[in-house]
Amino acid sequence: MTRQFFLVIVLLELITNKGIRMTKYFETRKKANGTVFYAFNPSTAVKEALDVRYKPFRTKAEATSYCKLVASEFDLHKRKQDKTVKVDPESISGLITFYKSTQEWLKLAENSQTFYDLQFKTATEMWETKSKITFGQTYAKNVTATKADKLYTQIQDMYSDHRAASVVKVLRKVFNVALRHDRVRSNPFANMKIPGLPTRKVMWEPNQVFKLIETADKMGYHSLGTIVLLAYDLCARPGDMRQLTWVNYHEGNFSYTQEKTKTPMGVAGSPRLVKRLEEYHQYDPMDLNREGCIAICETTDKPYSKDLLVKYIARVRNRAELPKHLQLRDLRRTGATEMAEAGCTEDELRAVTGHQSREILATYVRPTVKLAQSAQNKRFAS
C-alpha cells in the first residue's frame, strides 16, 4: 500500500506540474534552509545565441513566464538561422544574396543599403497565393513580367504606391546585375509602366527653422540645433551633417564627401553658423588637433545615429508645435530654393548642393512667386 500510495502522489505531482515541467529551461530548486525557489537555467546554445544567463525567481509564474519568453526568442533565432542557411541560390532571395556580393552593392552608401534592404524584405516576404511560398522562395527563372506586375500590385495594395515603385526599382537593378553575370535570361522588371510619383514639395518657412533651433536650445539639445542649421545653411543632407567632424571644418569652411553620391564638397559656412560653432561648441581655430563629430548628443555623449536623430527632431518639433509633415530632409530643398530666389546661378547652386545635373537640381529648387517675379524683372529690365 505504501508503494502504491507513493506512486499516486508522484502521478498527481506530474499532472499538477505538467505545464511547468514542459516549460524549457525551468527548474525548481531548494536552498540549504529548505526554501523552495524557481530558476531559469538555459542551455549553452541559448546562452551564446541570446546572451542570457541563469536567473532565480521567487514565484513559479515569474519563472515560467520568463522561460517561455526566452524559449520563444530562441525559436525565432533558430528559424532565422535556418532561413539564412537554406537560401536557394536559384531563388529570388539567392539572387539578392548574389547581388550583395557585387561591386554594385558594395559601392552603395550605408543609407542606400539600408533603403534597399527594406525593399528586399518587403518583396521577399510577399506570399504567392497559388504556390503557397514567398516571393523570396520563388525561382528567379520563373518570375515573368506578369508576376512582376502582380508583385507591384500586391505591394501597392498592402503598403503604398511609393513602396511598390521602390521595390520595382531595386529589383530591376538586381536582375540587371544578374543578367550581366548570366544568372538569369531576362529582366521581368524592365519596361514596367509605373506611374511617376509626385515629387516632394514640402518647404520650411525661415521662422519655422529658427523656432525649431530655439526650442532645441531651450531643451538643452544645442547639438540638435546645430545639425538643423548645418542642413539649412549648407543645403545638405541631415545624414552628412550629423557625421561632420572637426576635421571637416576650418576657419568657416566645410570640406566633406557626400555619403550618398561620393561627391567631394567645399562650402563656406554662413556667419551665423560660424558664430554658433564658437558659442555652443567652443570652436578654436588654433586647435588643429580637435577630432570627433561636431554634433554630440547631450544625453548619450555620442554622435547621433539616424534613428536617434529622427526621434529627437520629432520630440523638439512637437514641443515647438510645428507641423508634423516638416522633416529635416526638406531643409536641403528649402535652402536651395532660397538661393535661387536670391539670384544664384545654376553653377553656384550646384557648387553648394553637389548636384551633378540641372535635371536633378530641378527636383530640389521649387518654383516660387519670388523666382517668377525675379525672372520677369530680368526679362523686362530694359
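The values are calculated or read from the model by the stated rules, or taken from the named source; none is laboratory data. What you see is a predicted model, and the numbers here were worked out from it, not measured in a lab. We place every Cβ from the backbone using ideal geometry, glycine too, and count neighbours over all the protein chains shown.
Residues that are hydroxyl-bearing (Ser, Thr, Tyr) and either in the same structural domain as LYS262 (by TED's automatic domain parsing) or modelled with pLDDT of 85 or more (or both) within segment 73-126 comprise SER91, SER93, THR97, TYR99, SER101, THR102, SER112, THR114, TYR116, THR122, THR124, listed in sequence order.
Go over the candidates ASP161, ASP157, ASP88 one by one and state the one that is more than 30 Å from THR263 (Cβ to Cβ), of a type in the set (Asp, Glu) and touching a residue at least 12 places away in the same chain (Cβ under 8 Å). Checking each option against the conditions leaves just ASP88. Within the set VAL274, VAL247, the sole residue that is assigned by TED's automatic domain parsing to the domain that holds GLU338 and touching a residue at least 40 places away in the same chain (Cβ under 8 Å) turns out to be VAL247. Given the structure, is THR138 more than 17 Å from the chain's Cα centre (by Cα), surrounded by 13 or more Cβ atoms within 10 Å (Cβ to Cβ) and either of a type in the set (Phe, Trp, Tyr) or within 27 Å of GLN243 (Cβ to Cβ) (or both)? Spelling it out, it is not the case that THR138 is more than 17 Å from the chain's Cα centre (by Cα), surrounded by 13 or more Cβ atoms within 10 Å (Cβ to Cβ) and either of a type in the set (Phe, Trp, Tyr) or within 27 Å of GLN243 (Cβ to Cβ) (or both). When TYR304, TYR280, TYR256 are checked against the criterion of being among the aromatic types (Phe, Trp, Tyr) and more than 22 Å from ARG329 (Cβ to Cβ), TYR280 stands alone in meeting it.
Candidates in segment 198-212 are the residues that are modelled with pLDDT of 95 or more and of a type in the set (A, V, I, L, M); of these, the one that is farthest from ALA231 (Cα to Cα) is LEU212. Of the helices (runs of 4 or more DSSP H) contained entirely in segment 69-176, those carrying at least 2 residues that are farther than 25 Å from PRO198 by Cβ and of a type in the set (A, V, I, L, M) fall at 92-99. Against the test of being of a type in the set (Val, Ile, Thr) and in the same structural domain as GLN103 (by TED's automatic domain parsing), the options THR144, THR215 yield a single qualifying residue, THR144.
Do we have any residue at all in segment 358-380 that's part of a helix (DSSP H, G or I), at pLDDT 70 or above and among the hydroxyl-bearing types (Ser, Thr, Tyr)? No, segment 358-380 has no match at all. Does GLU62 fit the bill of being more than 24 Å from MET126 (Cβ to Cβ), in a helix (DSSP H, G or I) and under 26 Å from the mean Cα position of the chain (by Cα)? Answer is no for this residue.
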